[in-house]
Amino acid sequence: MRPSFQEYFMGLAKQSAIRSNCIRAQVGAVVVDANNKIKSTGYNGTPTGVTSCLEKGTCYRLDNNIPSGTRYETCQSIHAEMNAIIQAGEGLCRDGSIYIFGHNQVCILCKRFIIQAGIKHIYLQKDDSAPIIHREAGDFIEELSKF
């Protein structure tokens, strides 16, 4: 059976997650424009030239019991969502969607990137057994406006 666009793009996000060089989480993302054309992919990992946790064989955040969603400055990786947006550039993201495999939520830093890039729809899937969750970027604007 032919997969829906949601299933297709989420499958590509899952495939991108495999490239992650993060020990703690393997996350992939795909940016798609309003016409369902793929503009970029990304995965969580270190910036170019930086020795990754995978290469070191250890993760500072795991070694120091730093809870997920806190103290982002202690992680050397760039989130998959950020990498995909950086690769595409704002012009190719506007009014599009982002598919994220490996998480069922978006951190506050990535919410800012998504809003600034003009992405409208966010699709999340934690793992193969979880449903695909749809969020609107407008919800993020409301959340961030509360601060």
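The alpha carbons of the stretch 6-79 stretch over 43, 25, 18 Å along the principal axes, in descending order. Given their separation in residues at 0.36 nm each and the Cα-Cα distance between them, K126 and E90 gain 10.4 nm when the chain is fully extended. The count of lysine pairs in the chain with alpha-carbon distances below 18 Å, taking only pairs 8 or more places apart or on different chains, stands at 8. Maximal additional length on extending the N36-I115 stretch stands at 26.6 nm, based on 0.36 nm per residue less the C-alpha distance.
With θ taken as phi - 60° and the Karplus curve 6.51 cos²θ - 1.76 cosθ + 1.60 applied, the whole-hertz 3J(HN,Hα) list for the stretch 96-103 is x, 10, 10, 10, 10, 10, x, 9 Hz, x standing for glycine and proline.
Around I85, with a cut-off of 15 angstrom between Cβ atoms, what is the net charge of the other residues, counting Lys and Arg +1 and Asp and Glu -1? Charge balance near I85 sits at +1. Positive end of the dipole of the stretch 58-147 (Cβ unit charges, origin at the Cα centre): among N83, S129, I66, the Cα lying farthest that way belongs to I66. Translational diffusion of the chain was estimated from the Stokes-Einstein equation, with Rh taken as the Kirkwood radius over Cα pairs; at 20 °C and 1.002 mPa s the coefficient is 139 µm²/s. Computed on protein heavy atoms with a 1.4 Å probe, the accessible areas place F140, F5, F101, F113 in the order F5, F113, F101, F140, largest first.
Note on L54 and E143: the extension gain reaches 28.7 nm, defined as 0.36 nm multiplied by sequence separation minus the Cα-Cα distance. Taking the charge dipole of the chain about its Cα centre, with +1 at Lys and Arg Cβ atoms and -1 at Asp and Glu Cβ atoms, the residue from V106, A25, N35 reaching farthest to the positive side is A25. Once the 1.4 Å probe is applied to the protein heavy atoms, the chain comes out at 57 Å² accessible per residue. Using the Cα coordinates of the stretch 61-141, the gyration tensor eigenvalues translate into equivalent-ellipsoid semi-axes of 22, 16, 11 Å, sorted from longest to shortest.
The values are calculated or read from the model by the stated rules, or taken from the named source; none is laboratory data. These numbers were taken from a predicted model, which means no experiment stands behind them. Cβ: placed from backbone, ideal geometry, glycine included. Neighbour counts: every protein chain shown. When the accessible area is computed, the model is the full protein with side chains, heavy atoms only, and any ligands, DNA or RNA have been set aside. Shrake-Rupley method; radii C 1.70, N 1.55, O 1.52, S 1.80 Å.
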